[in-house]
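Student: Provided herewith is a single structure, encoded as structure tokens, for subsequent inquiry.
The values are calculated or read from the model by the stated rules, or taken from the named source; none is laboratory data. If you're wondering where the values come from, they're calculated on a predicted model, not measured in any experiment. As a convention, Cβ positions derive from the backbone with ideal geometry for all residues, glycine included, and neighbour counts pool all protein chains shown.
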């Protein structure tokens, strides 16, 4: 089987505060710097999803774009867009770094994907920072 790939980009805005309860206030400031601001801060994230699989002989697609969009809307955007990530149940026991957000998006999408195999999720936090997770 030859694998083809389809990638799609989405945007979401969310805030977070990087703070580990296991560290002292001084250690948190030293570790996270301005991202440890008690009031939090926000990002306009770009989320890139890559799905791989066999091209369907009938449709000519790896995954239907409309189905993928609906899945990402429900599983990711409705959940994380315009929220404070610190209050999401996925981040109760972990710092909502963008590394952890990328893994969380991968995990929720992998379960909901309409077709194909989720190859990776890539999240751009800023024009200079991006994170990618490919699963186990």
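Student: Of all residues being in contact with a helix residue (DSSP H, G or I) (Cβ under 7 Å, 6 or more places away or on another chain) and surrounded by fewer than 18 Cβ atoms within 10 Å (Cβ to Cβ) in region 89-99, which is nearest to residue 51 (Cα to Cα)? Just the residue, please.
Tutor: 90
Student: With the requirement that a residue be over 19 Å from the mean Cα position of the chain (by Cα) and within 22 Å of residue 115 (Cα to Cα), what does region 32-62 give you?
Tutor: Within region 32-62, 53, 54, 55, 56, 57, 58, 59, 60, 61, 62 qualify.
Student: Scan region 69-82 for residues that are surrounded by fewer than 15 Cβ atoms within 10 Å (Cβ to Cβ) and in contact with a helix residue (DSSP H, G or I) (Cβ under 8 Å, 6 or more places away or on another chain) and jot them down.
Tutor: 74
Student: Another question, if that's okay. For a quick check of your reading of the model, give me the residue pairs whose first member lies in region 1-15 and is touching a residue at least 12 places away in the same chain (Cβ under 8 Å) and at negative phi, whose second is surrounded by fewer than 12 Cβ atoms within 10 Å (Cβ to Cβ) and in a strand (DSSP E or B), with beta-carbon atoms closer than 8 Å and at least 6 apart or on different chains.
Tutor: 11/44; 12/44; 13/44
Student: Residue 5: in a strand (DSSP E or B), farther than 16 Å from residue 114 by Cα and at pLDDT 95 or above, yes or no?
Tutor: No: the conditions fail for residue 5.
Student: Looking at residue 85 and the list (1) in contact with a helix residue (DSSP H, G or I) (Cβ under 8 Å, 6 or more places away or on another chain); (2) more than 14 Å from residue 15 (Cα to Cα); (3) crowded, with 18+ Cβ neighbours inside 10 Å, which single condition is not satisfied?
Tutor: The failed condition is (2).
Student: List the number of the failed condition for residue 66; all other conditions in (1) loosely packed, with under 15 Cβ neighbours inside 10 Å; (2) in contact with a helix residue (DSSP H, G or I) (Cβ under 9 Å, 6 or more places away or on another chain) hold.
Tutor: Checking residue 66 against (1) loosely packed, with under 15 Cβ neighbours inside 10 Å; (2) in contact with a helix residue (DSSP H, G or I) (Cβ under 9 Å, 6 or more places away or on another chain), the one that fails is (2).
Student: Considering only region 8-25, I want to know if a residue exists there that is closer than 27 Å to residue 128 by Cα, exposed (fewer than 14 other Cβ atoms within 10 Å of the Cβ) and either in contact with a helix residue (DSSP H, G or I) (Cβ under 6 Å, 6 or more places away or on another chain) or modelled with pLDDT under 95 (or both).
Tutor: No, there is no match, as no residue in region 8-25 is closer than 27 Å to residue 128 by Cα, exposed (fewer than 14 other Cβ atoms within 10 Å of the Cβ) and either in contact with a helix residue (DSSP H, G or I) (Cβ under 6 Å, 6 or more places away or on another chain) or modelled with pLDDT under 95 (or both).
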